[in-house]
RNA sequence: GGCGAGGUAGCUCAGAUGGUUAGAGCGCAGGAUUCAUAACCCUGAGGUCACGAGUUCAACUCUCGUUCUCGCUACCA
């Protein structure tokens, strides 16, 4: 950020209100943003930090349906849970809103109408399934049917979860509405598309200007999309949950969740403005004088890059009145104990569970996560690392330094600051602290939060060194005044640590300032550190506690239990509908043997197999290349469905299907006779 | 397969525009010390900077190729 902005509008990705928060979310989009805004506030900048729950979209209605409750109940539950978790963790939003509020619906509609009236949308009619009984169009996920590829009877309209094929509802054989259980009818429906291709030249030009300024991972991802060529994208959906499309001819239609979600940043700001008597438009709209524009920064995870760097800017541009993001410092992903974080596998450290297990220790987690933020590439959280960082850095460096000084002050001077104490008398310390502030400021403003956090600890490290070099405990009996001076210098260092930790470790900062007996809501960077004559310090208390091995072991154990118990649960997916014997016997499954196997060119998963079925030798294309090497499966006996209609895959006609067993992680293994049986043996 | 990001000490990671002996923290070894939560402080060992070519007086840093990891996308029984 070269330019000095008058105002800052900072957002973090809206969490989706269908589940709780885990440390991956925090490390992705919230912690760095929180440090960033806390820093700007201490510089007395005009900054607002906005976020809220994203409460629309099909996934929420599906979840509600599954649990037999309303979408409203789902979002109320998770909105509250998420909001509380953020508060406990010390994420300092100026406003945390939710997209189900009327003000958001109104603004989203206004936004849509504005684009509509400018003629920015392309209207397109297409045939979609319609449930006559429920009198509504069916979103892809509301249709199930037989997958044309793998014959799975429970494939969804957008995807077959068994074989992973991306589908369109039209592809399904025997489509069934999940609402009425009846066969839906095809009916023409109109949708409004945003012609992203039309904005491509403008986007290219705009993004070109961000080269070198934006992180390479973000910029690279954007150019990757532009290179592929942008397509018009539907901004409306046939859904019953979301923001109504504000057109008379669009009854029963809702705005696409990715249109309304980012507008949520704006509507939240609007509500904040109303509540606080502020002019929200100054934070979002282009001002008559360009230098008066607010600096818009989106903090997100890398999965959101395309929406925040391409689609939303295109929308803002099309609207015309709004500012565009100055930067989108997306983080990569955080892994956990050698594996990806996974909500479905329950492989996660949930924020609310951490707060229960480690009450009052939010700063410890904040510190560890800040130290390992996935700023340039994926990074990894392990409990052992958590323990090491807390014990070796927070306890041993920062906490220990403060404690040493406080104890010495009380031991020698009854905790009272007297004599020359207004200023730091050691020039080297003074210079080093100033350098520290500069480094921290530079690092934060170029989104290098790990470096900034380390710089704070370095100041404490310097304090420890200063203490050992001057050894006040040795010289007290002979040079009490020198002792006093050394300790007072240390107090200045502690005060500066109290100032600096406000951004990173807000709760600990309060403790530090409390020990120094300084009452201040905020300690701005430009306020001097001065102790007046006779200033009485409070009692020393420990800032951080050592983390014992047993605590870490328990957490690691807990993680293993959760993951494995979840796998057990997942292995028991519910049974499908009953079929009669005739349907079963219609399938002709035989024992066969793989004669030849080779990778299908230009694919990752496909193997082309030649199978001896006893009846004949035939070619089958199978998506098992990720689990089997071609040369290792020659001679492998398999079960093969021989009377499946042939299908052309990648230009090869696949005649039949190999039966595979699949676990919850999608791993595949052959299903074959236990004993070697002759080719062509019937399986039933 | 296409595209993007990344592969730097045992571990986690830094290393603008190419330039003398490649850095930090942790871990490890040794020393010093006792004010402190056996913490602090000092010293040291440890890397052919994924691999192979090329450009250059000079490459971790630029170009090309190979390979591995992650992501997006395609294909997917």
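The table that follows gives values for the structure above.
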{"item": "Residue ranges of strands (runs of 3 or more DSSP E) in region A:204-306 with at least 1 members at pLDDT below 85 and surrounded by 15 or more Cβ atoms within 10 Å (Cβ to Cβ)", "result": "A:236-238"}
{"item": "Filter result (without any contact (Cβ under 8 Å) to a residue 60 or more places away in the chain and over 13 Å from residue A:636 (Cβ atoms)) within region A:670-684", "result": "A:674, A:675"}
{"item": "Filter result (more than 22 Å from residue A:285 (Cβ to Cβ) and surrounded by fewer than 18 Cβ atoms within 10 Å (Cβ to Cβ)) within region A:111-130", "result": "A:122, A:123, A:124, A:125, A:126, A:127"}
{"item": "Residues within region A:402-449 that are surrounded by 15 or more Cβ atoms within 10 Å (Cβ to Cβ), more than 13 Å from RNA strand B (Cβ to nearest atom) and closer than 30 Å to residue A:10 by Cα, tallied", "result": "7"}
{"item": "Residue, farthest from residue A:422 (Cα to Cα), within region A:527-547, restricted to residues that are exposed (fewer than 14 other Cβ atoms within 10 Å of the Cβ) and at pLDDT below 90", "result": "A:534"}
{"item": "Some residue of region A:97-107 being surrounded by fewer than 17 Cβ atoms within 10 Å (Cβ to Cβ), without any contact (Cβ under 8 Å) to a residue 12 or more places away in the chain and closer than 27 Å to residue A:31 by Cβ", "result": "no"}
{"item": "Matching residues in region A:611-627 - criterion: being touching a residue at least 40 places away in the same chain (Cβ under 8 Å) and either more than 14 Å from RNA strand B (Cβ to nearest atom) or under 13 Å from residue A:591 (Cα atoms) (or both)", "result": "A:611, A:612, A:613, A:614, A:615"}
{"item": "Answer residue from region A:1-27, given it is over 18 Å from residue A:81 (Cβ atoms) and not in a strand (DSSP E or B) and is modelled with the lowest pLDDT among those", "result": "A:1"}
{"item": "Flag for residue A:597 being more than 38 Å from the chain's Cα centre (by Cα), modelled with pLDDT under 85 and buried (at least 18 other Cβ atoms within 10 Å of the Cβ)", "result": "yes"}
{"item": "Only listed residue being at pLDDT 65 or above and in a helix (DSSP H, G or I), chosen from A:108, A:180", "result": "A:108"}
{"item": "Residues that are in a loop (DSSP other than H, G, I, E, B) and within 7 Å of RNA strand B (Cβ to nearest atom), drawn from region A:375-395", "result": "A:375, A:376, A:377, A:378"}
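To keep it simple, each residue is scored yes or no on (1) assigned to a helix (DSSP H, G or I); (2) without any contact (Cβ under 8 Å) to a residue 40 or more places away in the chain.
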position: A:397; (1), (2): yes, no
position: A:406; (1), (2): yes, no
position: A:412; (1), (2): yes, no
position: A:434; (1), (2): yes, yes
position: A:447; (1), (2): no, no
position: A:466; (1), (2): yes, no
position: A:474; (1), (2): yes, yes
position: A:477; (1), (2): no, yes
position: A:491; (1), (2): yes, no
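Matching residues to (1) in a loop (DSSP other than H, G, I, E, B); (2) modelled with pLDDT of 80 or more; (3) more than 11 Å from RNA strand B (Cβ to nearest atom); (4) assigned by TED's automatic domain parsing to the domain that holds residue A:588:
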{"site": "A:635", "(1), (2), (3), (4)": "yes, yes, yes, yes"}
{"site": "A:639", "(1), (2), (3), (4)": "no, yes, yes, yes"}
{"site": "A:661", "(1), (2), (3), (4)": "no, no, no, yes"}
{"site": "A:666", "(1), (2), (3), (4)": "yes, no, no, yes"}
{"site": "A:672", "(1), (2), (3), (4)": "yes, yes, yes, yes"}
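The values are calculated or read from the model by the stated rules, or taken from the named source; none is laboratory data. Predicted model, so just to flag it, every value in this text is computed and none were measured. Using ideal geometry, Cβ is built from the backbone for each residue, glycine included, and neighbour counts are taken over all protein chains shown.
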